[in-house]
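First the structure, in the form of structure tokens, and then the observations on it.
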Amino acid sequence: MSRDKDRYLSILLISPSILAVLIFVYGFIAWSVRVSLSEWKGLRPDYTWAGLKNYINLFSDPRFQVDIRNTLIFTGVFVIGSILLGFFLAVMLDQGLKGEGFFRSLFLFPMAISYIVTGVVWRWLMNPAEGDRLSGFNMLFSQLNLDFLINKWHTTENWGIAAIALAAIWQMSGYTMAIYLAGLRSIPDELREAARIDGASEFQIYRHIILPLLSPVTLSALIILGHMSLKVFDLIIAVAGKQLPLDVPAIYMWQTTFDGLFYGRGAAIGILLLISIAVLIIPYIRFTLKAEAQQ
Amino acid sequence: MNKLRIGKNWLYIPLVAMAVFYLIPMYVMLVTGFKSFAEVDLQTMWNLPNGIHFDNYIEAFSQLAPSLWNSFIMVIPAAVISSMLGSLNGYILAKWKFRGADFIFPFILFGMFIPYQSILIPLVIFINRTLIPIGLGGIPALIIAHIIYGIPITTLTFRNYYASLPQELLEAAKIDGADMLGIYRYILLPISIPSFVVVLIWQFTSAWNDFLFAVVLTGNRSWPITVALNNMAGSQIISWNVQMAGSLLAALPTLLVYIFLGRYFLRGLLAGSLKG
């Protein structure tokens with residue numbers, strides 16, 4: 001039967017990809033888990049069973065505590081900032097003004113650039129030098145008589161990571177704008193018209209009709225941006241290199257594994273990152289596919 | 001579409017202000033790149049250059065040329081091969097559902113969200129043991145990594161596209177005697193060119209901009225542009241105007257793609273949040 005032949009052929013053709021994902025994603029995750037439960041440090045592999053030692057040590061490790069704190073600050077500033085900015089940009093662009101396409105492309109272009117380029121440029125914009133060596137944004141603030149805005153950016157004690165989140169907002173807010181704009185466009189005009197006829201103000205329309213209808217978009221944005229901020233790595237490296245006050249789990253993993261050769265600990269950080277992302281992403285995938293099946 | 005009403009023109013004020021905000025880094029990158037070495041002073045970084053000088057670009061290019069080349073020879077096969085794989089997988093998952101296909105799909109999808117730190121150690125060991133001994137370390141290893149970890153997103157984009165095509169299209173071809181590969185080759189492939197553009201652009205951009213795989217899998221001679229630029233920026237001896245020129249060179253290929261094919265870029269972006 002030729003149908004059977006087609007069926008076998010399709011399975012045959014997709015198997016290499018499935019096998020690759022099976023090995024390189026799931027097999028490697030399992031392998032990492034095994035490394036994270038081992039004593040391995042140094043160049044030579046050492047799979048001596050260590051139980052949860054690497055994980056337990058991490059949670060009492062001051063550096064990892066800094067990482068968690070930095071990740072939380074970064075996530076808060078980055079996610080809230082990108083969502084708010086993206087939403088307002090989308091609402092403004094949805095008003096049917098001339099030049100909409102131009103502004104939309106402009107707000108989105110940073111997404112085409114690498115975090116490394118963004119980081120290298122922003123590092124000069126956020127130059128923390130003081131006095132007559134003022135430069136970058138600080139100098140701009142000073143010339144505009146906005147001296148109260150002058151700050152130490154990423155070198156600010158304890159909160160420096162928030163400055164890096166600003167550069168990330170610059171890079172990613174176009175993305176939230178794009179998904180909100182797509183969401184706004186899918187809301188039928190009749191809904192707004194009906195509300196207007198009932199005497200609702202523009203603000204009320206957004207507050208009581210549009211925002212609730214956009215909540216699935218907001219949820220996607222929260223999850224996608226949230227999972228990105230857990231992974232943040234290149235941007236920080238490009239702005240500040242490997243500095244302890246701006247450390248995050250991804251940098252710690254890289255450094256401790258490949259510079260320090262603490263493979264067991266590095267693997268444990270990788271797995272903790274994976275777990276924190278899986279908690280966000282697995283329900284998201286299930287929800288999206290279920291919604292798709294219902295359509 | 002009766003949204004255009006008088007009194008909304010004030011919106012141009014915040015829009016232009018935001019446009020300025022988005023352009024500031026580009027402005028600094030461009031202006032600084034065109035300054036002469038004599039003008040290089042952090043105190044005058046906002047000023048326009050006195051005339052156009054290409055010294056910085058020449059200097060940056062002479063330093064970054066090998067890694068720009070590395071990036072090109074890495075990105076092109078990575079994008080092309082992972083798009084082809086994604087197209088074939090997407091076709092099979094959408095139109096030739098075998099038993100378990102719906103079960104396998106979310107497992108493939110999850111692969112596009114994982115933090116690569118969770119597979120990095122095995123990946124490096126694997127490459128050291130299998131690819132480096134046969135001379136495929138560096139750039140080839142990086143290409144392979146981008147292809148494999150690109151499978152989830154390329155498969156997703158194509159699957160969503162093929163799933164949106166009516167089943168009748170296939171049935172008609174089957175009655176005419178076309179087999180599975182014939183349908184793909186003569187019916188689906190020709191109409192999926194726009195999807196190919198979307199996926200190619202997406203893979204091109206993400207491989208070009210990748211830093212994590214690049215920094216772990218390549219060495220001095222095989223550095224792609226992101227790693228070389230980061231090292232240049234971390235160096236104390238290279239002046240910042242050369243760094244700015246270098247940043248522009250590093251950003252230019254993906255920026256050009258964005259400028260000329262922005263519509264497709266946006267579609268890839270939206271596909272990345274799972275919705276095709």
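The values are calculated or read from the model by the stated rules, or taken from the named source; none is laboratory data. It should be emphasised that the depicted structure is a prediction, and the values quoted were computed from it without experimental measurement. Quick reminder, even Gly has a Cβ in these numbers, built from the backbone with ideal geometry, and neighbours come from all protein chains shown.
Side notes on the structure shown:
- Checklist (1) within 18 Å of A:Ile269 (Cα to Cα); (2) surrounded by fewer than 21 Cβ atoms within 10 Å (Cβ to Cβ); (3) within 11 Å of another protein chain (Cβ to nearest Cβ) applied to A:Gly241, failing item: (1)
- Of B:Ile148, B:Ile187, B:Ile143, all but one fail to be in a helix (DSSP H, G or I), at pLDDT 95 or above, touching a helix residue (DSSP H, G or I) at 6+ places or on another chain (Cβ under 6 Å) and more than 11 Å from chain A (Cβ to nearest Cβ); the exception is B:Ile143.
- Of the set (1) more than 8 Å from every other protein chain (Cβ to nearest Cβ); (2) surrounded by 15 or more Cβ atoms within 10 Å (Cβ to Cβ), all apply to A:Trp31 but (1).
- Evaluation of B:Leu85 against (1) free of Cβ contacts under 8 Å to residues at least 40 places away in the same chain; (2) at the interface with chain A (Cβ under 8 Å from one of its Cβ atoms); (3) under 18 Å from the mean Cα position of the chain (by Cα) (one fails), failing number: (1)
- Matching option when the condition is in a helix (DSSP H, G or I), more than 19 Å from A:Ser173 (Cβ to Cβ) and among the small types (Gly, Ala, Ser), among A:Ser82, A:Ser17: A:Ser17
- Residue pairs meeting the criteria (Cβ under 7 Å; at least 6 apart or on separate chains; first over 19 Å from B:Gln43 (Cβ atoms), in the range A:138-163; second among the polar types (S, T, N, Q) and assigned to a helix (DSSP H, G or I)): A:Ile161/A:Asn70
Residues checked against (1) among the hydroxyl-bearing types (Ser, Thr, Tyr); (2) touching a Lys or Arg at 6+ places or on another chain (Cβ under 8 Å); (3) surrounded by fewer than 23 Cβ atoms within 10 Å (Cβ to Cβ); (4) more than 8 Å from chain A (Cβ to nearest Cβ):
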position: B:Pro66; (1), (2), (3), (4): no, yes, yes, yes
position: B:Ala78; (1), (2), (3), (4): no, no, no, yes
position: B:Ile81; (1), (2), (3), (4): no, no, yes, yes
position: B:Asn89; (1), (2), (3), (4): no, yes, no, no
position: B:Ile92; (1), (2), (3), (4): no, no, no, no
position: B:Phe105; (1), (2), (3), (4): no, yes, yes, no
position: B:Ile108; (1), (2), (3), (4): no, no, no, no
position: B:Ile114; (1), (2), (3), (4): no, no, no, no
position: B:Ile119; (1), (2), (3), (4): no, no, no, no
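- Residues in the range B:148-166 that are under 15 Å from the mean Cα position of the chain (by Cα) and small (Gly, Ala, Ser): B:Gly150 alone.
- Some residue of the range B:117-125 being outside any helix (DSSP H, G or I), modelled with pLDDT of 95 or more and touching a helix residue (DSSP H, G or I) at 6+ places or on another chain (Cβ under 6 Å): yes
- Among the candidates A:Gly51, A:Gly119, A:Gly101, residue that is surrounded by 19 or more Cβ atoms within 10 Å (Cβ to Cβ) and among the small types (Gly, Ala, Ser): A:Gly119
- First in the range B:246-270 and facing chain A (nearest Cβ under 7 Å), second anywhere and at pLDDT below 90, Cβ under 6 Å, 6 or more apart: B:Tyr258/B:Phe265
- Residues being part of a loop (DSSP other than H, G, I, E, B) and either farther than 23 Å from B:Met29 by Cβ or touching a strand residue (DSSP E or B) at 6+ places or on another chain (Cβ under 9 Å) (or both) - total across the range A:123-145: 2
- A single member of B:Ile52, B:Ile24 is of a type in the set (Val, Ile, Thr), surrounded by fewer than 12 Cβ atoms within 10 Å (Cβ to Cβ) and out of contact with any Ser or Thr (no Cβ under 8 Å at 6 or more places or on another chain), and it is B:Ile52.
- Looking across B:Phe213, B:Phe158, one residue alone is among the aromatic types (Phe, Trp, Tyr), surrounded by 15 or more Cβ atoms within 10 Å (Cβ to Cβ) and over 30 Å from A:Arg3 (Cβ atoms). It is B:Phe213.
- Residue in the range A:101-108 that is more than 7 Å from chain B (Cβ to nearest Cβ), modelled with pLDDT under 95 and outside any helix (DSSP H, G or I) present: no
- Any hit, the range A:24-44, residues being in contact (Cβ under 8 Å) with a residue 40 or more places away in the chain and at positive phi: yes
- Summed over the range A:135-176, residues that are aliphatic (A, V, I, L, M), more than 26 Å from A:Val79 (Cβ to Cβ) and more than 10 Å from chain B (Cβ to nearest Cβ) total 3.
- Within the range B:143-157, residues that are in contact (Cβ under 8 Å) with a residue 12 or more places away in the chain and within 24 Å of B:Asn70 (Cα to Cα) sit with their Cβ atoms under 9 Å from residues that are β-branched (Val, Ile, Thr) and not in a helix (DSSP H, G or I), at 6+ positions apart or across chains, in these pairs: B:Tyr149/B:Ile114; B:Tyr149/B:Ile119.
- Reported count of residues in the range B:154-181, each being within 12 Å of chain A (Cβ to nearest Cβ) and under 30 Å from B:Leu123 (Cβ atoms), is 6.
- Residue count for the range A:244-261, restricted to those that are among the small types (Gly, Ala, Ser) and at the interface with another protein chain (Cβ under 7 Å from one of its Cβ atoms): 1
- Of the helices (runs of 4 or more DSSP H) lying entirely inside the range B:193-276, those containing at least 3 residues that are at pLDDT 90 or above, out of contact with any Asp or Glu (no Cβ under 7 Å at 6 or more places or on another chain) and β-branched (Val, Ile, Thr) are B:193-209, B:240-271.
- Selection of the range A:224-238 for residues being farther than 18 Å from A:Met111 by Cβ, within 10 Å of chain B (Cβ to nearest Cβ) and β-branched (Val, Ile, Thr) yields only A:Ile237.
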